[in-house]
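Okay, so here's the structure we're looking at.
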Amino acid sequence: MMKARCMPAIRAFGQRIFKARESMILVVFILFCVLLGVIAPKFLTVRNITNVIRQFSMITIVAVGMTFVIITGGIDLSVGGIVAFVGVSTAWLLVAEHFPILLAIPIGILLGLLIGLVNGLLIVKIGLPPFIATLGMMQVSRGLVLALTKGYPIQPFPQDFLNIGQGAIWFIPIPILIMLAVVIIAHVFLSKTTVGRYIYYVGSNPVAANLSGINVKRILFIVYMLAGLTSGIAAVILVARLSSAQSSMALGWELDAIAAVVIGGASLSGGEGSIFGTLIGAAMMGVIRNALILLHVSVYWQNVVIGLVIIAAVAFDRLRQQRQVR
Amino acid sequence: MDDTILRMKSISKSFPGVRALDDVSFEVRRGEVHAILGENGAGKSTLVKILSGAYRRDSGEIELDGHPVEIHNPSHAQSLGIAMIYQEFNLAPHLSVEANIFIGREPRRGPFAIIDQRAIHRQSQKLIKQLGVELDVTQRINTLNVCQQQITEIAKALSMKSHVVIMDEPTSALSESEILTLFSVIRRLKQEGLGIIYISHNLGEVFEIADRITVLRDGKKIDTQNAREVTPEEEVQKMVGRDIADMYAKREVPVGEVVLRVNGLSSGNMLRQISFELRSGEVVGIAGLLGSGRTELIRAIFGADRKERGTVEVVGYKHKINRIGDAIRGGIGLVPEDRKEQGLFLGMPLGPNISAASIRDVSYHGILDRKKERALAAKYVEELDIKIAGLEQLVLNLSGGNQQKTVLAKWLARSPQILLLDDPTRGIDVGAKQAIYRLIGELAATGVGIIFVSSELPEILGISDRILVMGSGQIKGEFSRAEATQEKIMSLATTSTMIACEQEPGSIAQEDNE
């Protein structure tokens, strides 16, 4: 009898461990880093690590916005397009219109927010599936970028602007600082505020959320706007880092962002995910790319490996869930 | 010697930490309906899942037609002639009835083995006719109501030349008249010589349809008896293992002032000119068949659906109730029809499920206070005796009764003035039902006005102060507690010429936020 009574407690404890899927991913990530450090000692140099983090910092920022969207059970395919659109618009304001930096950047980011708002309108007001609405907006924003630039890169930029992507405070590159700020704010927002909690409710069961008095539409608007916002922030850093704004920038970023979120333990059916997990997911992809370079694997093989990692991460998770159910 | 088709001998099955079945023997004869009774967790589902190939037994034997068999998996069970009709149907919603009946086993013809549509059509019609019902086999599943879908499932089982049909809570989503149709179908199956295993919580149904009844409790078989030789009361005692003095235990509570006024509520054909009042401390039962408009009425009062005309007023609240937000702020709570689909956040822990409607109370300027949230959840876990391993446990893993208590707790956390309960005891075990009746009584005693919708007349009669009977979207009549009887209610509820298993296409879940 005693034994039977203990079982639920043990099971619940097990669930808590499983629930912390992020900690699992973190362990895998650390093991991988250690292993890599042994094979390629160059990996564990401050210089290399700073480089790697700077490289995945922008994807991480985009993926933070994507995390909100995916937790509601949605998806945003337009984030790459938003990055390009905001990047080119900001560049154009700076270079062609000679706007001051402190005006051009907010306007650019606001444009990102605006596209997010349009996504929200299409999804909430018209009722389009998120996949379709954001697929459309991806094409629209990419098309606008081409129309605006006619394919030519926009440059040169004032040095103050370039510092956002290339400078450092003390020895930490500014993109990394911005990423850390975004990640911390987003984490607090998602895990400590009521709106953050509503995002989980909406993703877990929109019908029950509605019947519990939660304004589901408002939450959906918020998450798509946040995805636009974070894409806008990433866009500014990217342009400053590349010293030029091109129509082809951030190609395929939507997929990298989705991959980071999913590797980080979120479920595409909604209700699960965390900012911390997303950060690890993005870091994982960044480190793997770096590993392939350090190990002199051909660039052409990189995508194959990244693809396999995504599949392995999700498959692993699925298998674990199935075992739990049985 | 005998006409026993299926014999299960000394079956045992353990899951980690639980002995789900302990030396259970069970048999089914040709042409009989053998009911299995038991509370949730008694082992009913485990037993039939071993039969259907979903679980493997640990020990014991299974004989089919006198030959020992091993059931490897669900499709093997099917090929042996054991068909399972699940609570959730396994139908392809976008295909027709006939396509579903023969799915994966389509008759072929010609050298290229083309699917023989004509044969499918002919044979499906024959099967449906065999069941004694009217159903257009070319209709798509998603245009059918639950009853018609179930008939499709049964026809499918029949088409597989099944000898044993297992029905797990087949009536949980059916209206009274649809249940009658199902029963006539079951009687046909008996005539055809099939053995039927019937699992239900509803004693009334079991006694109406079953030839023999086996009671399970805590994984052990209590006994098997002919249905004619036992009374429902005896069986309940065996199931629960203790005396139930008074199932409903109605508390007499002084009825107070009017708290809710519903005035001329109308919405298309679903609701027509509904007016009534609810007083504090009063339990108003709403009786009516599925599709009578009872769920629509509840949703309209809660502001979940748009109404065409009429008003809903909470006395003492300044606004008319037009949206869910108004209702909640006005002190109304809703326990919806389908707890899993509409009431719970299944993948989330218990705590957030309980606090879902009171997030403002457990936060400060938009920042969550987790300590407060846990305290709130813990309070209701204790008050409602929700059985859990810890507040972190996912609601997914709770039993039906504990899940329903969780939904109730979500609203109790807001100290509502008015509670709308839409069939709150559906599919939960006797013990949990009793707990919910007791809770309703306690809430009424503290002055909460309660509207209680149910498919089970005995419980409506048992706990209501006043009973409204609905049909065709109207209030057909009203009885006081003293004058109401099952017969009076049924005759009123069915006057709307409800022909069994007809119209009212299965719920079209059009939530406005999707």
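If the condition is being at the interface with chain A (Cβ under 7 Å from one of its Cβ atoms) and surrounded by fewer than 18 Cβ atoms within 10 Å (Cβ to Cβ), then the stretch B:361-372 contributes B:Gly366, B:Ile367. Is the stretch A:166-173 home to any residue that is more than 13 Å from every other protein chain (Cβ to nearest Cβ), of a type in the set (S, T, N, Q), within 26 Å of A:Phe56 (Cα to Cα) and without any contact (Cβ under 8 Å) to a residue 24 or more places away in the chain? Scanning the stretch A:166-173 turns up no residue that is more than 13 Å from every other protein chain (Cβ to nearest Cβ), of a type in the set (S, T, N, Q), within 26 Å of A:Phe56 (Cα to Cα) and without any contact (Cβ under 8 Å) to a residue 24 or more places away in the chain. Being in the same structural domain as B:Ile186 (by TED's automatic domain parsing) and free of Cβ contacts under 8 Å to residues at least 40 places away in the same chain holds for only one residue in B:Phe15, B:Phe26, and it is B:Phe15. For the stretch A:63-101, residues that are farther than 17 Å from A:Phe131 by Cα and either in contact (Cβ under 8 Å) with a residue 60 or more places away in the chain or of a type in the set (D, E, K, R) (or both) total 14.
For the stretch B:362-408, the tally of residues that are farther than 22 Å from A:Val195 by Cα and small (Gly, Ala, Ser) stands at 6. Here A:Glu272 clears all of (1) outside any loop (DSSP other than H, G, I, E, B); (2) of a type outside the set (Lys, Arg); (3) within 17 Å of the chain's Cα centre (by Cα) except the condition numbered (1). Can you say whether A:Ser274 is surrounded by 20 or more Cβ atoms within 10 Å (Cβ to Cβ), touching a residue at least 40 places away in the same chain (Cβ under 8 Å) and within 30 Å of A:Leu144 (Cα to Cα), as far as the supplied structure shows? No; evaluated as a whole, the condition is false for this residue. Scanning the stretch B:319-358 for residues that are part of a helix (DSSP H, G or I), at the interface with another protein chain (Cβ under 7 Å from one of its Cβ atoms), under 24 Å from the mean Cα position of the chain (by Cα) and surrounded by fewer than 24 Cβ atoms within 10 Å (Cβ to Cβ) yields B:Glu341, B:Gln342.
Quick one: is A:Leu148 on the phi < 0 side of the Ramachandran plot and modelled with pLDDT of 90 or more? Spelling it out, it is not the case that A:Leu148 is on the phi < 0 side of the Ramachandran plot and modelled with pLDDT of 90 or more. Looking only at residues of the stretch A:179-199 that are of a type in the set (Val, Ile, Thr) and either in contact with a helix residue (DSSP H, G or I) (Cβ under 7 Å, 6 or more places away or on another chain) or within 8 Å of another protein chain (Cβ to nearest Cβ) (or both), we find that the one that is farthest from A:Arg241 (Cα to Cα) is A:Thr194. Between A:Val207, A:Val202, the distinction of being within 11 Å of another protein chain (Cβ to nearest Cβ), assigned to a helix (DSSP H, G or I) and without any contact (Cβ under 8 Å) to a residue 12 or more places away in the chain belongs to A:Val207 only. Selection of first residues in the stretch B:91-103 that are in contact (Cβ under 8 Å) with a residue 40 or more places away in the chain and of second residues that are among the acidic types (Asp, Glu), restricted to Cβ pairs under 8 Å at least 6 apart or on distinct chains, gives the following pairs, ordered by first then second residue: B:Leu91/B:Glu153; B:Val97/B:Asp136. Taking the condition within 11 Å of chain A (Cβ to nearest Cβ) and either assigned to a strand (DSSP E or B) or under 26 Å from the mean Cα position of the chain (by Cα) (or both), does B:Val381 pass? No: the conditions fail for B:Val381. Can you confirm whether B:Leu408 is touching a residue at least 60 places away in the same chain (Cβ under 8 Å), under 21 Å from the mean Cα position of the chain (by Cα), more than 11 Å from chain A (Cβ to nearest Cβ) and assigned to a strand (DSSP E or B)? No: the conditions fail for B:Leu408.
The values are calculated or read from the model by the stated rules, or taken from the named source; none is laboratory data. These numbers come from a predicted model, not from an experiment. Counting neighbours? That spans all protein chains shown, and the Cβs are built from the backbone with ideal geometry, glycine included.
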